[in-house]
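Remarks on the structure that follows.
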Amino acid sequence: MDLLYVIIILVSIIYISQTKFAKRIFSKKKCKYDPVIYMIIGFGIILGLYYVSKDIEGFQGTNQLYEKLMNDFGVIFPDGNRNSGGVQFYHHIVKNLQPTKREFLEYNKFYCGVSGSPIDPQRTDAFDYLVVDDLRGNKMYGKYWRCCWPCVCDVKKYAKVETHTAQLKDGPYTHHVLTIGDPCSDQSKIPPSVSSFTCSNQTTQNGIRTASGRLIIAVLYDVVPYTNQNITNINDMCRDRNSTPPDQLQGGMGDIFVKLALINP
C-alpha cells in the first residue's frame, strides 16, 4: 500500500510541476533546473523523514510488546511460578504470539532464560557479552539478555549454543539459541521450586527443541565465533561461581537452574 501512495504522489508532483502556476513560481525564483526536480527532491526529503519517524514509532512499540507478553504471564505460568521459565517464555512467543522477525527479536529480550524473570525494556544494563560452547565444543561469542550477572555465569557453564529455525509470521528465521537437555527425561529430579514444565512420556510438552533434541531456554544475539574478544570482566565475575559446587551456589537463582540443567546434560 505504501508503494501505491508513493507512485500516486510522484505522478501528482510531475503533473503539478508542469502547470503554469508552478512554472511561474519557479521562474520568479530564477531556479536553474526544471520545477519537477525540486519537487521530487522535496518529496524525497519528506518521505525519508516519514520512514525515520515510522521506525522510531516501532521502537516505542517495544513497551507495548512487553506489556502484551506480561499480560500473558498467567497463561505461560498458570500457578504464577516462573522459576527457570525461559523454556516456557520462548515456547509461548513462537507458538502463541506468532510474531514477525522484528517482534520476535524484541520479545526474547523481555525475560531471562535462566531465572524466568521478566526484564523491563527500560533497563539499559540488561545484557552481557559472553562465550558459550556449541555442541561440538566450539566457542561462540554473543549477547545475552539477563536479569542479573549470576545468570550469565550459569549460561556460560551449563548451557550450549545451537542454531534453530523458527516459523514466524513473515517466514522462517534461523537464529542462535541457548539450550539445555530436557529435564522431563527424569521428572523426579526437577527441583520442587520449578513447576513450569509440563512433562509427558519423559518429554517437555511446553517447550521447543532444536534438531539435537535439546530445549531452547533463550536467544543468543549477534553470535560470531570467539576470536579473543575481551571478556575479562565476565571471566573475573564468574570465576568463583563457576568453581562452586551446584548445591552451594548462592545469588541469582541459587542452584535451581543448575540442578535443572544437570538432569540431562
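No value in this document is a laboratory result; all are computed from the given coordinates. The shown structure was predicted, so the numbers you read here are calculated from the model rather than taken from an experiment. Virtual Cβ from ideal backbone geometry, glycine too; neighbours counted across all protein chains shown.
Here are the numbers for this structure:
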{"item": "Under-5 Å amide H pairs with Lys160, H placed in peptide plane, nonlocal only", "result": "Thr179"}
{"item": "Which listed pairs, of Lys109/Lys139; Lys109/Lys169; Lys95/Lys160; Lys68/Lys259; Lys68/Lys139, have C-alpha distances above 25 Å, in listed order", "result": "Lys68/Lys259; Lys68/Lys139"}
{"item": "Residue list for region 200-220, given a label point 7 angstrom along the Cα-to-Cβ vector of Lys95 and an amide N cut-off under 18 Å", "result": "200-219"}
{"item": "R0 of 45 Å, Cβ-Cβ distance Ile8-Thr174: FRET efficiency to nearest 0.05", "result": "0.75"}
{"item": "Sequence of Ser117, Ser243 once ranked by neighbouring C-beta atoms within 10 Å, starting from the fewest", "result": "Ser243, Ser117"}
{"item": "Point-charge dipole on Cβ atoms (K/R +1, D/E -1) for region 123-187, about Cα centre, debye to 20", "result": "200"}
{"item": "From phi via Karplus (6.51, -1.76, 1.60), per-residue ³J(HN,Hα) for region 140-154 in Hz, x at Gly/Pro", "result": "10, 10, x, 10, 10, 7, 9, 7, 7, 5, x, 5, 4, 5, 5"}
{"item": "Size of region 62-261 as Cα extents on the principal axes (Å, biggest first)", "result": "39, 37, 33"}
{"item": "Cβ-placed point charges (K, R +1; D, E -1), dipole of region 113-263 about Cα centre in debye, nearest 20", "result": "180"}
{"item": "At R0 = 22 Å, FRET efficiency that the Cβ-Cβ distance of Asp125 and Leu105 yields, to 0.05", "result": "0.70"}
{"item": "Theoretical FRET efficiency, 1/(1+(r/R0)^6), r = Cβ-Cβ of Gln167 and Ser193, R0 35 Å, to 0.05", "result": "0.60"}
{"item": "Ascending count of other beta-carbon atoms within 10 Å, so fewest first, for Arg209, Arg241, Arg136", "result": "Arg136, Arg209, Arg241"}
{"item": "Length added when fully stretched, Trp149-Asp72, from 0.36 nm per residue minus Cα-Cα", "result": "25.1 nm"}
{"item": "Compactness of region 87-132, expressed as Rg and Dmax over alpha-carbon positions, Å", "result": "11.3, 31"}
